[in-house]
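The values are calculated or read from the model by the stated rules, or taken from the named source; none is laboratory data. All values derive from a computational prediction rather than experimental measurement. Note: ideal-geometry Cβ built from the backbone for every residue, glycine included; neighbour counts use all protein chains shown.
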């Protein structure tokens, strides 16, 4: 996978500008944080129904 991304990096940088890379970084960071939060909730059992 690293070889694939390393060989395509020059092509991608010519196709997309810095703004696109900034948006990609923002999207990646938000989805990573939300993924960690969801996994944390699953481990703690926060998704389980409460007793009545």
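Let's see how each residue does on (1) at pLDDT below 95; (2) under 15 Å from the mean Cα position of the chain (by Cα):
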position	(1), (2)
1	yes, no
5	yes, no
9	yes, no
14	yes, no
19	no, no
36	yes, yes
41	yes, no
45	yes, no
50	yes, no
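Is there a residue in region 24-32 that is modelled with pLDDT of 90 or more, out of contact with any helix residue (DSSP H, G or I) (no Cβ under 9 Å at 6 or more places or on another chain), loosely packed, with under 10 Cβ neighbours inside 10 Å and at negative phi? Checked region 24-32: no residue is modelled with pLDDT of 90 or more, out of contact with any helix residue (DSSP H, G or I) (no Cβ under 9 Å at 6 or more places or on another chain), loosely packed, with under 10 Cβ neighbours inside 10 Å and at negative phi.
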